[in-house]
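Novice: Just dropping this structure here.
The values are calculated or read from the model by the stated rules, or taken from the named source; none is laboratory data. None of the values given here were measured: they were computed from a predicted structure. Don't worry about glycine lacking a Cβ; one is built from the backbone with ideal geometry, like all the others, and counts go over all protein chains shown. Ligands, DNA and RNA are excluded from the accessible area calculation, which covers all protein heavy atoms including side chains. Shrake-Rupley method; radii C 1.70, N 1.55, O 1.52, S 1.80 Å.
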Amino acid sequence: MAQTQDFTAMMKDMMGSFPVDTKAMEDAFKTTATMSEKLSAVALEAAEKSTELSASWTKETLSKIAELSSAKEEPADYAKAMTDFAASQAEAAAEHMATFAEIAKKVQMDTVELMMAAGKDFSEDMTAAAKKATDEMTAATKKVTEAAK
């Protein structure tokens, strides 16, 4: 009676010969975590600056409203106060919106810079992992092929 090969044992040996590189996964995770931290820092800085700007704008507006709501001696003074208030609000709006735009522009530039750096890091990580995996797979395949002879 001819001896049949134990395919289960052969498959188990073959699968055991193919290495699993957890280092590449750890490196990719670390790169992702670092990028997330940097993106969070950009977002938090923008939120802080936007909040400060909004608070400043609100304080300015409230002080102008206080001037507007003060009692006037002449009826014409009310019209002038309203005109002054409207002009100052239009000017403040233009200035503050330009500042908000600067904040948004900085966020965009920082994000693009981080994405480009992360793309480079991911590319380097993946290239190194692929090369290592290819080398190990080639060695494992040779080992399995030689064992099957």
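Novice: What is the number of the single condition among (1) part of a helix (DSSP H, G or I); (2) small (G, A, S); (3) without any contact (Cβ under 8 Å) to a residue 24 or more places away in the chain that A71 does not meet?
Specialist: Of everything listed in (1) part of a helix (DSSP H, G or I); (2) small (G, A, S); (3) without any contact (Cβ under 8 Å) to a residue 24 or more places away in the chain, A71 misses just condition (1).
Novice: Taking the criterion of being more than 30 Å from K23 (Cβ to Cβ), part of a helix (DSSP H, G or I), free of Cβ contacts under 8 Å to residues at least 24 places away in the same chain and not small (G, A, S), would at least one residue in region 122-137 satisfy it? Break it down stepwise before answering.
Specialist: Restricting attention to region 122-137, the residues satisfying the condition of being more than 30 Å from K23 (Cβ to Cβ) are none.
No, the conditions are met nowhere in region 122-137.
Novice: Continuing with this model, one more query. Test T111 against the criterion of being β-branched (V, I, T) and open to solvent by 50 Å² or more (accessible area, probe 1.4 Å), and give yes or no. Even if it seems obvious, please write down each step before you answer.
Specialist: Working: β-branched (V, I, T): yes; open to solvent by 50 Å² or more (accessible area, probe 1.4 Å): no.
So T111 does not fit the description; no.
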